[in-house]
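Undergrad: Got a structure here, written out as structure tokens. Questions coming.
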Amino acid sequence: MAFFRLAYSGIVGKQTVMKMTHHHQIASRAICSSTRYQGRDKLADYYRIPEPQYQWNSNWDYKEPSEEHRIAPATATRYLILVRHGQYHTGARTEEEKTLTTLGQEQATEVGKRLVALNYQFTKIISSTKVRALETANFIAALLPPDTPMEYCSLIEEGAPIPPEPKTTWKPERSKFFIDGARIEAGFRKHFHRASASQKDSSCELIVAHSNVIRYCVLRALQLPPEAWLRLSLHHCSITSLSVTSDGDVTLLSYGESGFMKHYHLSK
């Protein structure tokens, strides 16, 4: 009798194990299937084309004519050639003493030659009023047609345009961003815009300014996050160029071009 009880118990135990094993197999298949689908989802997400994060604001400069004011379709394109000043005496005590070094003067001459070789027909030169920018502009102007007009703008002097992201060890006073940022933004709005409807021919303007100003204005013009400006870098007397069409479309044609210089002329 004991034998039959033991045998029965063994059969029941075996059936229980078989049932448990069967359930485990089903659960295991479900987990594997779920993992496979999750893997496929991750793979699909990896190869999926990202959705646009924002749309281009065609009236970013507030110069898009309304229908009632549209007399004739504008066709002129504005070309903006941005040049950073040459190397200067950074250890000078006053701004007036921060003049170009000998290397900076050579850089200014080299960029002037490059601009002549590119055959830009400048309608005018716009220079920051800082000494290092003025000297650079004068070296360039000496190689251009003598009747090329020159303007001076204090809005595009060097400064702290906006707190950068990511944060860096460079941490000026918050008030500096507050003051400089408004001024540099005003300089951007003054010089970066489409041609007016009355402008029939395309124009090309040379702007001699500073690294922070150029980097900020480029990002603003492209409608990219301006707080990324410190992730970009520029050599002294490098060339950056943009075009602004009559429709307000902006194209970065070149950024920080400095390959025309000899290696011993390069500095930042």
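Undergrad: I'd like the FRET efficiency for residue 231 and residue 201, computed as 1/(1 + (r/R0)^6) with the beta carbon distance as r and R0 of 35 Å, rounded to 0.05. Kindly include the intermediate steps, with their values, before the conclusion.
TA: Details: r = 36 Å, r/R0 = 1.04.
It comes to 0.45.
Undergrad: Mind jotting down the three principal axis lengths of the range 76-265 based on Cα atoms? Whole angstrom, largest first.
TA: Rounded to whole Å, the extents work out to 46, 38, 28 Å.
Undergrad: Something else about it: Computed FRET efficiency, Cβ-Cβ of residue 151 and residue 121, R0 25 Å: what is it to the nearest 0.05? All intermediate terms of the calculation are to be shown ahead of the outcome.
TA: Numbers: r = 17 Å, r/R0 = 0.68.
FRET efficiency, residue 151 to residue 121: 0.90.
Undergrad: With a point put 7 Å past each Cα toward its Cβ, work out how far residue 63 is from residue 95 in nm, to one decimal.
TA: Label-label distance for residue 63 and residue 95, simple model: 2.7 nm.
Undergrad: What FRET efficiency, computed as 1/(1 + (r/R0)^6) with R0 = 30 Å and r the Cβ-Cβ distance, is obtained for residue 268 and residue 55, rounded to the nearest 0.05?
TA: Working: r = 35 Å, r/R0 = 1.18.
After rounding to 0.05, the efficiency reads 0.25.
Undergrad: Semi-axes of the equivalent ellipsoid for the range 66-138, please: Cα gyration tensor eigenvalues, times 5, square-rooted, ordered largest first, whole Å.
TA: 35, 17, 7
No lab work stands behind these numbers, since they all come straight from the coordinates. All values reported here derive from a predicted model rather than from experimental measurement. All Cβ positions, glycine included, derive from the backbone under ideal geometry; neighbour counts span all protein chains shown.
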